[in-house]
Each structure stands twice: as structure tokens, then as C-alpha cells.
Amino acid sequence: MIHVYNTLTHQKEIFKSIQPNLITMYVCGPTIYNYIHIGNARSAIAFDTIRRYFEFRGYEVNYVSNFTDVDDKIINRAHEEGVSEATITEKYAQAFENDTLPLNIKPATVRSKATEVIPDIISFVSELIAKGYAYEADGDVYFRARQFKGYGILAHQDLNELEAGASGRLDPEELAKKEDALDFAVWKSENRPGVISWDSPWGNGRPGWHIECSVMAQKYLGNTIDVHGGGIDLAFPHHTNEIAQSEARTGQTFVHYWLHNGFVNINDEKMSKSLGNFITLHDMLERYDDPMTIRYLLSTTQYRRPINYSEDTLTQARVELDRIRTAYRNLHFRMKDSKDGRNEAVESDINEYKKQFIAAMDDDFNTQNALAAIFELIALANTYSEAAIIQRDTAMLLLETMTALMQVFGIETLMPVEQLTVEQQSLLEQRVIARQNKDFSESDRIRDILKLQDIIVEDTAQGQRWHKA
RNA sequence: GGUGAUGUAGCCAAGUGGUAAGGCAGCGGUCUGCAAAACCGCCAUCGCGGGUUCGACUCUCGUCAUCACCUCCA
């Protein structure tokens, strides 16, 4: 049974989907005015991993996410560069696809842009007005936050404190239009020439930020969904407002389980532009040659915990992942001389570790404990690789189990296809002969040559094996 | 000021009312012609100070420190 920590109730709850084998899941996507940063990547990976685990447990997952492609940052950026908003958003939407591919993030079932659901947004807003939850003010439409019973519960904010805390940070012009400082825009008037806008019952304008997620979730998943995810910073105000809008409109519970991922720190500091430690995924992929290590680091930390990103943590992730890969590769090598049959004792251990893995992941996706189970499996594989005799069925089961469990973390290629040149092939053959003749100086010479070409040669009881460095 | 987190070995990181998983690094062995890989062993008393308890790292009170959120930042 899966348990998840629900931000709404502040506790772990038994997970039960609305439909028996289907999970509806909405995850807030990025605003596409730049390359996504490592924090966006963490969020995408965290929820991709959660999705993969649901799938591993036999659920079908209907995963919907958005691109925010209309907002101030985009408009400003377009203005600065003298291009249209669409030029900016198309570029970075494409970059998102390109950059998340090497991280093995599954595409959403539906990924929609805000601008693709404008008619839905307009009718959603109209309904809110009709129900008395929203009002028009000089071309803007605001939601009456206080009118929605339970506003602020998600983020555990007291309404009066909110107002006090926000004082001095509110746009006075906007404040003047609002009935209450807590009210938030669901539609904003926009009459500047050359700036993207749509015709609406309230004049030219564009959607407020929060409305797109409510609309898309409802449009693609229904009035009540199983899981809604995003960064912890979105709990307030973004998700708080989503709940208010959605539930005001339908009178039904919007989301059963609110899941929020923790932040990424850079060298123990918050990542921010002002600190100059802002890292985009795009840059990382260019600088670092092993994207799976990035995925490993980002997906094996429990999703609610902060991740400290640094050269050290990345290096450590690389070493850990390599240990898993090496075990896989070495066991795979042993398959060559495996015998028919199976080893009951080893298979029983395999199943035991698999159970441990499941128990860990069932506990709010406790990836660290799940990883501990994987390392038990690795030790088992290493020991079994060294055994005098290994049986084909058991070795296969071990390899398949390692693959299946790592797949939950999104690490799918434990053994990359590695090609040798004809010369390298020939050198390996010469080395076998040299060793047969006990000509160790020659065999060492060849080993050194290959090493310079990043081919690592190892001698085992079953003969010579090699891999790329 | 309000709200919510976190503080466990050199590093990453689990966990629990009964004397601390796992990984990395380190040290010592085994195996190997040498090496590599691997295996075995060693390596912490849980921020600080009270309290409750037969017993706390785990409960409670206080304290210190770090961090996040409090109107558009994942």
C-alpha cells in the first residue's frame, strides 16, 4: 500500500486513487522564457520518478502538465529582444523538450500551453463571476479570496497575517482595483500595443497566472484529480489559488493529494540570480558528459528534501551510479559461461530485496531506502558474479530485477552499447595469446595501449573482459 | 512578526522508546603474475541543556543554528 505525504493535511496518508487502476496527475510546468534551471529539472524528475513508480506498481498514469507561455517575464523578454512572445516561447518550449530528453523524463500524456486553452479560461472566469466568486474591475477580473471558505489552508497561512506580511509589496495600482488585498487576478486587462492579448467579455486581456492550471486540470483530467504536484514554493499562492478557483467553480474537491518537491541549493546556498549561482539544465548538459548521473542525483534524493548540488555531490553520484553499472556489466559478462538452471537461494534473496525496494518506495517514495535495497542487490550480484557456477535463469532474473528497479529512477541504460575498432579487437585477441604464453610484459603493454584509448581490460577467472572508461 | 522545515560519522543519507540502514571516502585483509573489479573486516551515540521513563537519538520543555515561504520563484 502506497503512502504519500499530503501537504494539505501535513501527514502521510494511504494513497487511494479515484479509479482503481488509473491515476490522474497534474504537475506545474515551467514558464518558458528561458532555459529551465536545475530546480525545474528537479521538479520534473521528482514527479517523473513518482509517475514511474505508480506505473511500476501497475497503475496507468494520466499525466498532465503545462507550459506557462503568457506572463510578464515573457512579455518583458520579448520586448527586450524585439521579437514576439511566441518567438520566445517556441524557442524555450523546444529547448525544454531537447534538454529533458537526455534526462529520460517521460513526455506528459498531455502538455498544454496556456495560450492553447484561452476559450476554456474565459468560460471558467465567466462561471466564477456568475457564481459571485469573482468580479470585474476596470478590465481586470479578481477572485474574492476571502469568500472561499478555507482559503490559505494548503500553505497554513492565516489570512490576517498574510495581509500584514504582504504590506508594502503590493502594486498600489492593482490594490486600488481590488475589493480586498488578498484577492488575486484571474484575468488581467492588456491594452498595450504589440503585447499579446485576447478579446474577452471584459475587454482585451490575458489570463492571470493561476487560472491556467485549474483550467487544464479540469479540462484534461476532470473536476477532481488524484495528485497535484509542484515545487514547495508554489503551495502559496499558486496552489492555494488553484484550489479556491477550482472548488469555487465546481463545489467539489479539486485534488486529493498535494505533493511538493523541495528545492535545489547550489553549494549550500539558495539558487538565485542575484547570487550568481543560477544553473540552467542546458548549461549542465553541455558541461557534463553523463546526463544519467544528473538524473541519478536528482531522482535518488527523496523528493521533499532539499538537494545540495555541487561538484562533490555530482561526483559522488557518478561513483555510486558507476558501481551499479559495473555490477550489471560484470554479471552480464558472466552470462557467457552460465549453466542452465536456477539458484533458489539467490532468487529468494532477489525477491527479498525487491520487496524492500517496494516497501521503501511505498513510504512516500523514500528513494534513499529504496537505494539501500538496490545496493543489497548489487552486492548480491557481485558475489554471484564471483561464484564458481552461475545459473542462467537466476542471472537473468538478477539482471532483469536490477533493470526494472533502476528504471523507476529513470536510469534505463545500465549497459551502453560499446563498439571496438578492428584494431582494438585485434589487440585484445593478441593479448589473450600473450597471456596464454605467460608473456606478461606483452600483455601489460597491450593493456596500457588500450587504456590510453579508454578501453579498460580486466582479467578474470572466466577470461579477459573489457569496458570503456 | 507569522508559518513550515532542518540539525545523525570527513561527505551524502536512513531510522527508531531498548543501546544507530545503505552509499562515498579512509584504513586493514582476501583474491590476482601485476592490476582492475569484487569480497571480508574496521570506522558515529544522533546541535546544546533540562524533564518524563527501568531505558531516549527517538516523547516533552527550553535553547542555539541553518533554511524556506508569507501575491505570480520548481
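The values are calculated or read from the model by the stated rules, or taken from the named source; none is laboratory data. Since the structure is predicted, the reported quantities are computational estimates derived from the model, not experimental observations. So basically every Cβ, Gly included, is an ideal-geometry build from the backbone, and we count neighbours across all protein chains shown.
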Completion exercise
If we keep only residues of the range A:158-168 that are surrounded by fewer than 16 Cβ atoms within 10 Å (Cβ to Cβ) and in a helix (DSSP H, G or I), then the residue modelled with the lowest pLDDT is A:Gly165
Practice task
Taking the options A:Phe124, A:Phe148, A:Phe143, name whichever one is within 15 Å of RNA strand B (Cβ to nearest atom) and out of contact with any Leu (no Cβ under 9 Å at 6 or more places or on another chain).
Solution key: A:Phe148
Completion exercise
Among (1) in contact with a Phe, Trp or Tyr (Cβ under 7 Å, 6 or more places away or on another chain); (2) farther than 14 Å from A:Glu136 by Cβ; (3) more than 10 Å from RNA strand B (Cβ to nearest atom), A:Gly229 falls short only on (3)
Practice task
Within the range A:249-274, work out how many residues are in contact with a strand residue (DSSP E or B) (Cβ under 9 Å, 6 or more places away or on another chain), more than 9 Å from RNA strand B (Cβ to nearest atom) and more than 30 Å from A:Ile2 (Cβ to Cβ).
Solution key: 1
Handout entry: Residue satisfying condition, being more than 9 Å from RNA strand B (Cβ to nearest atom), part of a loop (DSSP other than H, G, I, E, B) and in contact with a strand residue (DSSP E or B) (Cβ under 7 Å, 6 or more places away or on another chain), within set A:Tyr35, A:Tyr5
Key = A:Tyr35
Practice task
Answer with yes or no whether A:Asn34 is at pLDDT below 95, under 21 Å from A:Met271 (Cα atoms) and surrounded by fewer than 22 Cβ atoms within 10 Å (Cβ to Cβ).
Solution key: yes
Exercise for the section: Provide a single number: the residues in the range A:133-157 that are over 30 Å from A:Asn6 (Cα atoms) and either within 31 Å of the chain's Cα centre (by Cα) or in a loop (DSSP other than H, G, I, E, B) (or both). Expected result: 2
Practice task
Quickly run through the range A:330-349 and pick out the residues that are in a helix (DSSP H, G or I), closer than 28 Å to A:Glu418 by Cα and more than 8 Å from RNA strand B (Cβ to nearest atom).
Solution key: A:Leu331, A:His332, A:Phe333, A:Arg334, A:Met335, A:Lys336, A:Asp337
Practice task
Return the only residue of A:Asp69, A:Asp48 being buried (at least 19 other Cβ atoms within 10 Å of the Cβ) and over 21 Å from A:Ile232 (Cβ atoms).
Solution key: A:Asp69
Exercise for the section: Scan the range A:306-321 for residues that are surrounded by 13 or more Cβ atoms within 10 Å (Cβ to Cβ) and either of a type outside the set (S, T, N, Q) or more than 9 Å from RNA strand B (Cβ to nearest atom) (or both) and report the count. Expected result: 8
Fill in the blank from the handout: Counting only residues in the range A:387-402 that are in a helix (DSSP H, G or I) and either free of Cβ contacts under 8 Å to residues at least 12 places away in the same chain or touching a Lys or Arg at 6+ places or on another chain (Cβ under 8 Å) (or both), the one surrounded by the most Cβ atoms within 10 Å (Cβ to Cβ) is identified as A:Ala395
Practice task
Could you tell me which residue of the range A:246-289 is nearest to A:Val125 (Cα to Cα), considering only residues that are out of contact with any helix residue (DSSP H, G or I) (no Cβ under 9 Å at 6 or more places or on another chain) and surrounded by 19 or more Cβ atoms within 10 Å (Cβ to Cβ)?
Solution key: A:Glu247
Problem - Filter result for the condition that a residue is assigned to a loop (DSSP other than H, G, I, E, B), within 15 Å of RNA strand B (Cβ to nearest atom) and either at pLDDT 95 or above or not charged (D, E, K, R) (or both), over A:Ile378, A:Ile411 - result: A:Ile411
Practice task
Give the residue that is nearest to RNA strand B (Cβ to nearest atom), with candidates limited to residues of the range A:51-83 that are in a helix (DSSP H, G or I), in contact with a strand residue (DSSP E or B) (Cβ under 7 Å, 6 or more places away or on another chain) and modelled with pLDDT of 95 or more.
Solution key: A:Arg51
Handout entry: Candidate set from the range A:268-294 (those that are touching a Phe, Trp or Tyr at 6+ places or on another chain (Cβ under 7 Å) and part of a helix (DSSP H, G or I)); member that is nearest to A:Asn98 (Cα to Cα)
Key = A:His282
